[in-house]
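Below: the structure, in structure tokens.
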Amino acid sequence: MKLQSYVSGQWQEGTGSGVTVNDAVTGKPVCEVGSEGVDFAAMVRHGRDVGGPALRAMTFHERAAALKAMAKHLMERKEDFYTLSARTGATRADGWVDIEGGIGTVFTYASLVSREMPNDVIMVEGDVERLSKGGSFLGRHVLTSKPGVSVHINAFNFPCWGMLEKIAPSLAAGVPVIVKPATPTAFLTEAMVREMIAGGFFPEGAIQLICGSTGDLLEHLLEQDVVTFTGSATTGRKLRTHPNLVTNSVPFTMEADSLNCAILGASVAADDPEFELFIKEVAREMTAKAGQKCTAIRRVIVPAALLEAVANALQARLEKTTVGDPGAEGVRMGPLVGRDQALDVRASVERLASECEVIYGGQETFPLTGADNSSGAFFPPTLLRCDDPHGKTLAHEVEAFGPVSTLMPYRDIDDAIAIARLGKGSLVGSLFTYDDTEARNIILGTAPWHGRMLIINRDCAAESTGHGSPLAPLVHGGPGRAGGGEELGGLRAVKHYMQRTALQGSPTTLMAITSEYHAGARTYSDEMHPFKKYFEDLQVGESLLTHRRTVTEADIVNFGCLSGDHFYAHFDEIAAKDSFFGKRVAHGYFVISAAAGMFVHPAPGPVIANYGLENLRFIEPVAPGDTIRARLTVKKKIKKARRGEEKANGVVVWAIEVTNQADEPVAIYDILTLVERRED
């Protein structure tokens, strides 16, 4: 069987012979992979000219809904993916991280985008920058979709998650994707993409797939395109310096394999819970996905006094790891992805052994369950020991991308930090300690060399996701050897595919562009109270100026009794004179409560509920005898998807300004209300 690419709206089989991919367990052929004959220029044009405009016409919320529907569809077919995943050498637990972890990331982005991004095609970022004394000239940052394509060149170890964690933020941003999976596991990626295409969740041209070489694809990319890469640092450097990418300043994000470390704190004793947690985590990271993880622990940094204890405990735990066919009962670690990968790992171990001692594993033949050493791509869990981590440097330079780690001792905290830094940049490091002072010192010393740091102790271990688990809300990437890039990190990943532009102009013009009210913009009002209007009828900039109210002594006393707030500035005349205010003042919360009483319409209407209050600032004090009024202005509107039997609604954000008798602002804030929509 030859895998097909999805190009310009059609499934296309490469011409000529491709690369044969074999089953990692049996060594038998699975498929051929080749992209010869693909018109890569047409592929890029199709994404830009067909997929891009249709995708950008959708709002962020519509794209989020499409992501959610696609994730549901993929989850319903997960067992088909698990069957294929086993042929890559993955156990069920390995496949869960890749398949359901990847789909879960799509769900997370669907929720994140619908919750934190506007139901629009433009996103306002940050606060207003006032650029003039009178306030007639403002600055604002906005994010818009890049009108190009994003090319994702992925590694073999996570054929599902590696694809999904990149395409979810790209599609959410409105940028079509071209997915290029690694050849050894492309058959699993292809099966998942087929389901994406068949479901029709996104417009034609939004998702394309290359099974095989990228050919001259990079030659056709321009300044609005984006490239992401996951894999070896050597390959990444070649791609990053591609002449066309350099000429057109094409953004390039690289996530490379790194020599990640785990540090056992100097304060930890052999009978502490943190010691056992450390042993479990190192062993798990060595054997999960047969050690084929860019986040796997490669360097195990421990106090010199505990080196023997750690070595013995790790060997005892690794002895319990059953290696073999992932489909066989009791197997906890499968083979590497292919024979070539097994040969590469063996060569790397032999190189490491020239400076380190192999204290466990490393042999060519070893017990297997449901398989034998003559077929497949099996390699045993292997532990090395480097007693001189400063003088013998190969453990900080050579990565055996399999179930291989190296033990190394440190003298004190400063030495542990120095050893960790020798990795020259890592995706993740982990620290096991119950001493918070020790944790702070080590993190401050190592954080600049790591994209993520995990601190584990008895308090959080039960709920920890572990050393090797990148999570959608947190950045994934690292400095130096790790590639210097970032993925995930919540909305940071979506923004990577968008252009940040600083706008300068009048409040009214910026309001028209951003669909968000800015102080100083022209407002308008009519005879109908805005709380009597449906969501669709309200317009950004629509305003209501309330009647006045004079604050009295009785107001302050009554509010204090009702709330229980008898702070001296409200009740003690003598103390208040010596205070910051110089006189007695009303409660700040009374002021905003009184403002609500002035602008709320009491009769039933389309306003369903108060949804929250944000950005509250008290500007000037309000004293007995002062007169206040409020201005209510529609700041922005967020249309919400209808759920079940609930009334169709949206969130309206209202800018509130409370002023005194001198027209000076005394309080400013935003309130959010749920407002009923007319039936669609």
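Here are the numbers:
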| quantity | calculated |
| --- | --- |
| Enumeration of residues in the range 598-642 that are more than 36 Å from the chain's Cα centre (by Cα), aliphatic (A, V, I, L, M) and assigned to a loop (DSSP other than H, G, I, E, B) | Val600, Ala603, Ile619, Val622, Ala623 |
| All positions within the range 365-386 that are in contact with a helix residue (DSSP H, G or I) (Cβ under 8 Å, 6 or more places away or on another chain), assigned to a loop (DSSP other than H, G, I, E, B) and over 17 Å from Ala90 (Cα atoms) | Cys386 |
| Unmet criterion (only one of (1) surrounded by 15 or more Cβ atoms within 10 Å (Cβ to Cβ); (2) within 25 Å of Met498 (Cβ to Cβ)) for Asp49 | (1) |
| Selection count, the range 390-410, where residues are buried (at least 22 other Cβ atoms within 10 Å of the Cβ) and part of a loop (DSSP other than H, G, I, E, B) | 5 |
| Within the range 497-544, tally of residues that are closer than 13 Å to Met123 by Cα, touching a residue at least 60 places away in the same chain (Cβ under 8 Å) and either out of contact with any strand residue (DSSP E or B) (no Cβ under 9 Å at 6 or more places or on another chain) or part of a loop (DSSP other than H, G, I, E, B) (or both) | 3 |
| For Ala447: the one exception among (1) part of a strand (DSSP E or B); (2) surrounded by fewer than 16 Cβ atoms within 10 Å (Cβ to Cβ); (3) among the hydrophobic types (A, V, I, L, M, F, W, C) | (1) |
| Residue satisfying all of: in the range 143-181; assigned to a loop (DSSP other than H, G, I, E, B) and among the polar types (S, T, N, Q); surrounded by the most Cβ atoms within 10 Å (Cβ to Cβ) among these | Asn157 |
| Answer from Arg87, Arg140, Arg115 - the residue that is basic (Lys, Arg) and surrounded by fewer than 20 Cβ atoms within 10 Å (Cβ to Cβ) | Arg115 |
| Filter result for Ile167 (assigned by TED's automatic domain parsing to the domain that holds Thr91, among the β-branched types (Val, Ile, Thr), touching a residue at least 12 places away in the same chain (Cβ under 8 Å) and under 21 Å from Met75 (Cβ atoms)) | yes |
| Residues that are touching a residue at least 24 places away in the same chain (Cβ under 8 Å), part of a strand (DSSP E or B) and not acidic (Asp, Glu), drawn from the range 12-34 | Gln12, Val19, Val21, Asn22, Val30, Cys31, Val33 |
| Unmet requirement for Glu397, which otherwise passes all of (1) at negative phi; (2) modelled with pLDDT under 90 | (2) |
| Sole exception among (1) buried (at least 23 other Cβ atoms within 10 Å of the Cβ); (2) of a type outside the set (Val, Ile, Thr); (3) at positive phi for Ser426, by number | (3) |
| Considering residues of the range 626-652 that are free of Cβ contacts under 8 Å to residues at least 24 places away in the same chain and at negative phi only, the residue surrounded by the fewest Cβ atoms within 10 Å (Cβ to Cβ) | Glu645 |
| Met70, sole failed condition from (1) more than 30 Å from Ala290 (Cβ to Cβ); (2) in a helix (DSSP H, G or I); (3) not acidic (Asp, Glu) | (1) |
| Subset tally (residues that are buried (at least 21 other Cβ atoms within 10 Å of the Cβ) and either more than 25 Å from the chain's Cα centre (by Cα) or of a type in the set (Val, Ile, Thr) (or both)) for the range 194-216 | 4 |
| Lone qualifier among Val349, Val331, Val358 - being assigned to a loop (DSSP other than H, G, I, E, B) and assigned by TED's automatic domain parsing to the domain that holds Val404 | Val331 |
| Sole residue being within 26 Å of Ser132 (Cβ to Cβ), not small (Gly, Ala, Ser) and not assigned by TED's automatic domain parsing to the domain that holds Met117, chosen from Thr514, Thr550 | Thr514 |
| Any hit, the range 610-617, residues being free of Cβ contacts under 8 Å to residues at least 24 places away in the same chain, exposed (fewer than 13 other Cβ atoms within 10 Å of the Cβ) and of a type in the set (D, E, K, R) | no |
| Of all residues making up the range 271-302, the number that are part of a helix (DSSP H, G or I), of a type in the set (D, E, K, R) and crowded, with 24+ Cβ neighbours inside 10 Å | 2 |
| Test for Phe559: is it touching a residue at least 24 places away in the same chain (Cβ under 8 Å) and assigned to a loop (DSSP other than H, G, I, E, B) | no |
| Matching residues in the range 1-11 - criterion: being at pLDDT 90 or above and in a loop (DSSP other than H, G, I, E, B) | Ser8, Gly9 |
| Among the residues listed as Val50, Val113, the single one being under 17 Å from Ala168 (Cβ atoms), in a helix (DSSP H, G or I), among the β-branched types (Val, Ile, Thr) and at pLDDT 90 or above | Val113 |
| Residues of the range 444-483 satisfying the condition of being of a type in the set (Val, Ile, Thr) and out of contact with any His (no Cβ under 9 Å at 6 or more places or on another chain) | Thr446, Ile455, Thr465, Val475 |
| Residue count for the range 582-592, restricted to those that are exposed (fewer than 14 other Cβ atoms within 10 Å of the Cβ) and under 47 Å from the mean Cα position of the chain (by Cα) | 0 |
| In the range 224-238, the residues that are more than 24 Å from the chain's Cα centre (by Cα) and modelled with pLDDT of 90 or more | none |
| Unmet criterion (only one of (1) at pLDDT 90 or above; (2) not in a loop (DSSP other than H, G, I, E, B)) for Gly650 | (1) |
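To keep it simple, each residue is scored yes or no on (1) at pLDDT 90 or above; (2) touching a Pro at 6+ places or on another chain (Cβ under 8 Å); (3) not polar (S, T, N, Q).
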{"site": "Ser354", "(1), (2), (3)": "yes, no, no"}
{"site": "Pro403", "(1), (2), (3)": "yes, yes, yes"}
{"site": "Asp415", "(1), (2), (3)": "yes, no, yes"}
{"site": "Leu431", "(1), (2), (3)": "yes, no, yes"}
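The values are calculated or read from the model by the stated rules, or taken from the named source; none is laboratory data. Remember, it's a predicted structure, so these values are computed and weren't measured experimentally. Note that we place each Cβ from the backbone using ideal geometry, even for glycine, and neighbour counts take in every protein chain shown.
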